[in-house]
Amino acid sequence: MTIFVDSSGILALVDRDDPAHARVVEAFTLGRSEALATHAYVVVETLAVARRRFGPAVAADLIDRVLPAIEIAPVDATLHAAAIEAFRSTIESAVSLVDRTSFAFMRREAIQRAIALDVDFRTAGFETLPSEIP
């Protein structure tokens, strides 16, 4: 089975002050027995936020130590179009284009669980790890 990894999970992993840090670390340990996957838009978002919030050293550490443990799929034209369509049809909601891309990716790959702190994953019908979102 594969577990999707959202930027919120990766950022909580590197932020020891995050209230969900310990639970996210536990969720990432599942990656030792189950595959971890994400897509390129999550990587772009994560690195931009990490560099801005924590500095270049943390962003470099993510590139060197965290991202190699995660299978990173490119966002092809079909996935991008599906995400844009979903985003456009719900443009009044607060759900980001990156999250819409994640939902389309997870459905395409039949992934049911995500390491994510974003309640939108649950609203979209996915199980989140950790199960209690702060």
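From the residues in segment 2-60 that are surrounded by fewer than 16 Cβ atoms within 10 Å (Cβ to Cβ) and not in a helix (DSSP H, G or I), which one is nearest to the chain's Cα centre (by Cα)?
Among them, the one singled out is ALA35.
For ALA114, which of the numbered conditions (1) under 20 Å from ALA40 (Cβ atoms); (2) assigned to a helix (DSSP H, G or I) fails to hold?
All conditions are met except number (2).
Pick from segment 68-114 the residues that are in contact (Cβ under 8 Å) with a residue 12 or more places away in the chain and among the charged types (D, E, K, R): which of them is surrounded by the most Cβ atoms within 10 Å (Cβ to Cβ)?
Top of the filtered list is ASP99.
How many residues does segment 83-111 contain that are under 14 Å from ALA73 (Cβ atoms), among the hydrophobic types (A, V, I, L, M, F, W, C) and part of a loop (DSSP other than H, G, I, E, B)?
2
Test each condition in (1) at pLDDT below 95; (2) closer than 16 Å to GLY9 by Cα; (3) among the acidic types (Asp, Glu) for GLU45 and report the one that comes out false.
(1)
The values are calculated or read from the model by the stated rules, or taken from the named source; none is laboratory data. Just so it is clear, the structure is predicted and the values come from calculations on it, not from any experiment. In this analysis, Cβ positions are derived from the backbone assuming ideal geometry, glycine residues included, and neighbour counts consider all displayed protein chains.
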